[in-house]
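Written out below as structure tokens is the structure these notes cover.
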Amino acid sequence: MKYLADTDIIIKHLRGKHRLSEAKVAAGMAVSIITVGELLYGAHKSVQPQKSLQTVNNFLTDLSIKVLNLNQEIVNDYAKTKAQLEREGQRLDEFDLLIASTAKIHSLTLLTDNLKHFQRIPGIKIA
């Protein structure tokens, strides 16, 4: 496994606005359980929730996307990084920070278009 896809990349893929690279999928791609929650939330609030839920579930199973759960190491990194950023006067969305900590702890490259958010986090690889 080499990549962790951020929620924004998956949403763009599902809407047909951004195709995930076959090479990156073949190299091994995962998503955080946080991303799954964000995708399911979006599906439930959509105009066609059942269709949207099916699309999310198909995406996760058809591409054999691995879902990474939170663990003690990830939440420790999250807490440390959040405290460090706050000391520097910077704030970051809680979910983005948990996704970033997941990528960092698993030594994965984060696939995201939210460069502004994630570039502030030390020790994370972004593509």
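Details
- Here Thr81 meets each of (1) at pLDDT below 95; (2) under 21 Å from Pro122 (Cα atoms) with one exception, condition (1).
- Filter result (touching a Ser or Thr at 6+ places or on another chain (Cβ under 7 Å) and over 21 Å from Leu39 (Cβ atoms)) within region 90-127: Ile121, Lys125
- Per the listing Lys45, Lys17, the residue uniquely at pLDDT 95 or above, basic (Lys, Arg) and loosely packed, with under 13 Cβ neighbours inside 10 Å is Lys45.
- In the set (1) closer than 18 Å to Thr7 by Cα; (2) basic (Lys, Arg); (3) modelled with pLDDT of 95 or more, Lys51 fails one condition alone, (1).
- Gly37 vs. criteria more than 28 Å from Pro122 (Cβ to Cβ), within 17 Å of the chain's Cα centre (by Cα), among the small types (Gly, Ala, Ser) and assigned to a helix (DSSP H, G or I): no
- Scanning region 86-97 for residues that are in a helix (DSSP H, G or I) and either more than 13 Å from Gly123 (Cα to Cα) or among the polar types (S, T, N, Q) (or both) yields Glu86, Arg87, Glu94, Phe95, Asp96.
- Which listed residue is over 12 Å from the mean Cα position of the chain (by Cα), among the small types (Gly, Ala, Ser) and either within 21 Å of Met1 (Cα to Cα) or assigned to a helix (DSSP H, G or I) (or both), from Ala100, Ala30, Ala79: Ala79
- Condition check for Leu70: within 17 Å of the chain's Cα centre (by Cα) and either part of a loop (DSSP other than H, G, I, E, B) or not acidic (Asp, Glu) (or both): yes
Residues are listed down the side, and each one gets a yes or a no for (1) surrounded by 16 or more Cβ atoms within 10 Å (Cβ to Cβ); (2) polar (S, T, N, Q); (3) touching a residue at least 40 places away in the same chain (Cβ under 8 Å):
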residue: Lys51; (1), (2), (3): no, no, no
residue: Lys66; (1), (2), (3): no, no, yes
residue: Asp77; (1), (2), (3): yes, no, no
residue: Gln84; (1), (2), (3): no, yes, no
residue: Arg91; (1), (2), (3): no, no, no
residue: Leu97; (1), (2), (3): yes, no, no
residue: Ser101; (1), (2), (3): yes, yes, no
residue: Lys116; (1), (2), (3): no, no, no
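The values are calculated or read from the model by the stated rules, or taken from the named source; none is laboratory data. On a predicted model such as this, the values are computed, not experimentally measured, just so you know. Quick reminder, even Gly has a Cβ in these numbers, built from the backbone with ideal geometry, and neighbours come from all protein chains shown.
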